[in-house]
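Shown next, in structure tokens, is the structure this report addresses.
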Amino acid sequence: MKKTVWLSILFVAAVVGLVVYSTLGTNRFHCEVCVTYQGRTACRTASAQSREQAQRTATENACAQIASGITESNQCENTAPDRIRWLDR
């Protein structure tokens, strides 16, 4: 086979390995955040390497469900969560 084919196969294997590694084992903190914004409530979970990042990601995911547009999303994300629940895995 040509050298470019081998390099392509190696690149794809490296990307797949990175995705599997990042998905399975590096996130130590897991939480569920519930947010109410303009009378709508959403709860979402997230995992990350730090408590702050896990909480921020869960908040952003919850706000994505109940806010529309950049302005509303920013306002929602700056709203204090109704509940933060730290999960064991």
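Read-outs throughout are calculated quantities, based only on the coordinates presented, and are distinct from any laboratory measurement. Keep in mind the model is a prediction, meaning the values are calculated, not measured. Cβ placement follows ideal geometry from the backbone for every residue including glycine, while neighbour counts extend to all protein chains displayed.
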Once residue 19 and residue 6 are pulled to full extension, the length gained, defined as 0.36 nm per residue separation minus their Cα-Cα distance, is 2.7 nm
Here the stretch 35-51 yields Karplus 3J(HN,Hα) values (6.51, -1.76, 1.60; θ = phi - 60°; whole Hz; Gly and Pro given as x) of 10, 10, 9, 6, x, 10, 10, 9, 10, 9, 10, 7, 10, 7, 7, 10, 4
Hey, got the dipole for the chain? About the Cα centre, +1 on K and R Cβ, -1 on D and E Cβ, debye to the nearest 20?
400
Report the trypsin sites (Lys or Arg not before Pro) located in the stretch 1-52 that are in a DSSP loop and have at most 16 other Cβ atoms inside 10 Å of their Cβ, or state none.
2, 28
Calculate for the chain the 222 nm mean residue ellipticity that helices alone would give, adding -39,500 (n - 2.57) per DSSP H run of length 4 or more and normalising by residue count, nearest 500 deg cm²/dmol.
-17500 deg cm²/dmol
